[in-house]
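Beneath this line is the structure, given in structure tokens, with notes to follow.
Please treat every number below as a calculation from the coordinates, not as lab data. Bear in mind that the values here come from a model prediction, so they are computed numbers and not experimental data. So basically every Cβ, Gly included, is an ideal-geometry build from the backbone, and we count neighbours across all protein chains shown.
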Ligand SMILES: *[C@@H]1O[C@H](CO)[C@@H](O)[C@H](O)[C@H]1NC(C)=O
């Protein structure tokens, strides 16, 4: 079954703070499509550690928790095996982000780095076309 992979970003509380980035998978292309969101959220201890989270059956462009939807980019069309790889790389990526923050300092690495690691892994495995990572890296990061 063909699915669509999106990068979705949200309004930050100040112009200088990083936007929350999440990856979303839908089976339809329109704005109100139901999506499964893959993302990482702070573990609540304030130590720069994140937990992976999956949120199912929510609208692609809706408010997310208390965060206001800001924009999205269609990353590409994917099939079930690419989705499986995405879930696998997502687990590795959260470990990389957390260990980076343990060694280098709180919040040095965040949800944007997590998404970028996953997209890079998928592109390196030829599961996304060349140039996808470059497009993702140009998406809005602050404010
Ligand atoms: C899924 O998509 C990938 C990347 O385009 C491709 O290499 C693979 O053959 C596809 N798998 C199936 C089962 O269609």
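To the nearest 500 deg cm²/dmol, what mean residue ellipticity at 222 nm is calculated for the chain from DSSP H runs of n ≥ 4 alone, each contributing -39,500 (n - 2.57), summed and divided by the residues? When only DSSP H runs of four or more count, the value is -10500 deg cm²/dmol.
Report, to two decimal places, the Cα Rg of region 2-137 normalised by 2.2 N^0.38 Å (N = number of residues).
On the way: Rg = 14.3 Å, N = 136, 2.2 N^0.38 = 14.2 Å.
Expressed relative to 2.2 N^0.38 Å, the Cα Rg reads 1.01.
Sorted fewest first by neighbouring Cβ atoms within 10 angstrom, 81, 121 come out as 81, 121. Using the Cβ-Cβ distance between residue 92 and residue 137 with R0 = 22 Å, the FRET efficiency computed as 1/(1 + (r/R0)^6) comes to roughly 0.70. Using Cα centres only, tell me the gap between region 121-143 and region 27-101 in whole Å. When both Cα centres are located, 14 Å separates them. Listed by Cβ neighbour count within 10 Å, with the fewest neighbours leading, 139, 13 appear as 13, 139.
For the pair residue 74 and residue 59, label points projected 7 Å from Cα toward Cβ lie 2.0 nm apart. Peptides 26-32, 110-116, ordered by how many other C-beta atoms sit within 10 Å of their residues on average, highest first, read 110-116, 26-32.
Sort 106, 127 so that the residue with the fewest other Cβ atoms within 10 Å of its own Cβ comes first and the one with the most comes last. Before the final figure, lay out each step's value.
On the way: 106 11, 127 20.
The most exposed by this proxy come first: 106, 127.
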